[in-house]
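Let me begin by presenting the structure, written as structure tokens, before commenting on it.
The values are calculated or read from the model by the stated rules, or taken from the named source; none is laboratory data. The structure displayed is predicted, hence computed values, not measured ones. Every residue, glycine as well, gets a Cβ built from its backbone with ideal geometry; the counts of neighbours run over all protein chains shown. In case anyone asks, the SASA skips ligands and DNA or RNA and just uses the protein heavy atoms, side chains included. Shrake-Rupley method; radii C 1.70, N 1.55, O 1.52, S 1.80 Å.
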Amino acid sequence: MSHQIKAEYDQIFLFPPNLEDLLSADHPARFVREVVDQLDLKGLGFKVDTNEEGRPFYSSDLLLKVWIFGYFNKYLSSRQLERQCRQDIGLVWLSGMNYPDHNTLWRFWKNNKERMEGVFKQIVGISMKVGLIDMTLNALDGTKLKAYSSNRG
């Protein structure tokens with residue numbers, strides 16, 4: 001006899017789920033994490049903060065990972081990124097279940113815009129080297145033809 005599988009929303013786990021189990025081994029978020037972890041952000045000119053007082057701040061590498069993955073998935077505004085940090089499983093995993101707000105994301109982008117362009121170029125180069133993307137030329141013919149497309153015959 002078969003039965004239906006339904007969601008059990010009040011189910012209690014003996015051990016909480018591991019973040020590493022959320023994504024497959026070939027998920028693009030893993031590539032973003034690997035690349036950003038290999039970068040020397042201080043050497044590239046990113047501001048790496050250190051403070052002893054106040055609320056802890058989000059690290060530059062975490063915010064950079066969020067922005068890169070956001071561009072990869074066409075999340076181009078800081079508000080959209082903020083929302084997706086709670087909804088997109090790749091961003092949840094990539095940010096380690098931290099949820100930066102849109103002001104923090106925007107300030108990071110505003111302060112590091114030129115540096116991020118260089119990082120994007122490096123990531124495209126790395127992606128080409130490992131075979132994730134290629135630079136295929138897509139061309140359109142620019143010929144213009146006169147046509148009659150009226151419904152009135």
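Of all residues in the range 78-105 being without any contact (Cβ under 8 Å) to a residue 12 or more places away in the chain and not charged (D, E, K, R), which is surrounded by the most Cβ atoms within 10 Å (Cβ to Cβ)? Within the range 78-105, the match that is surrounded by the most Cβ atoms within 10 Å (Cβ to Cβ) is GLN80.
Taking (1) in contact (Cβ under 8 Å) with a residue 12 or more places away in the chain; (2) hydrophobic (A, V, I, L, M, F, W, C); (3) open to solvent by 60 Å² or more (accessible area, probe 1.4 Å) in turn, MET116 satisfies each apart from (3).
Checking each residue in the range 107-143 for being of a type in the set (A, V, I, L, M, F, W, C) and not in a helix (DSSP H, G or I) picks out LEU132, ILE133, MET135, LEU137, ALA139, LEU140.
In the range 29-61, which residue that is among the acidic types (Asp, Glu) and in contact (Cβ under 8 Å) with a residue 12 or more places away in the chain is farthest from LYS110 (Cα to Cα)? Ranking the qualifying residues of the range 29-61, first place goes to ASP37.
A residue that is part of a helix (DSSP H, G or I) and more than 25 Å from ARG115 (Cα to Cα) can be found somewhere in the range 11-19. Number of residues in the range 20-31 that are within 18 Å of LEU63 (Cα to Cα) and part of a loop (DSSP other than H, G, I, E, B) equals 0. Among the residues of the range 57-106, those identified as part of a loop (DSSP other than H, G, I, E, B) and among the hydroxyl-bearing types (Ser, Thr, Tyr) are TYR58, SER59, TYR75, SER77, SER95, TYR99.
From the list MET135, MET128, the lone residue that is open to solvent by 70 Å² or more (accessible area, probe 1.4 Å) and touching an Asp or Glu at 6+ places or on another chain (Cβ under 9 Å) is MET128.
Residues in the range 32-56 that are assigned to a loop (DSSP other than H, G, I, E, B) and not polar (S, T, N, Q): LEU39, ASP40, GLY45, PHE46, LYS47, VAL48, ASP49, GLU52, GLU53, GLY54, ARG55, PRO56.
Count of the range 5-35 residues, restricted to those that are β-branched (Val, Ile, Thr) and under 29 Å from GLY70 (Cβ atoms), is 2. Residues in the range 36-66 that are under 12 Å from the mean Cα position of the chain (by Cα) and among the hydrophobic types (A, V, I, L, M, F, W, C): VAL36, LEU62, LEU63, LEU64, VAL66.
In the range 23-71, of all residues being among the β-branched types (Val, Ile, Thr) and surrounded by fewer than 13 Cβ atoms within 10 Å (Cβ to Cβ), the one that is modelled with the lowest pLDDT corresponds to VAL48.
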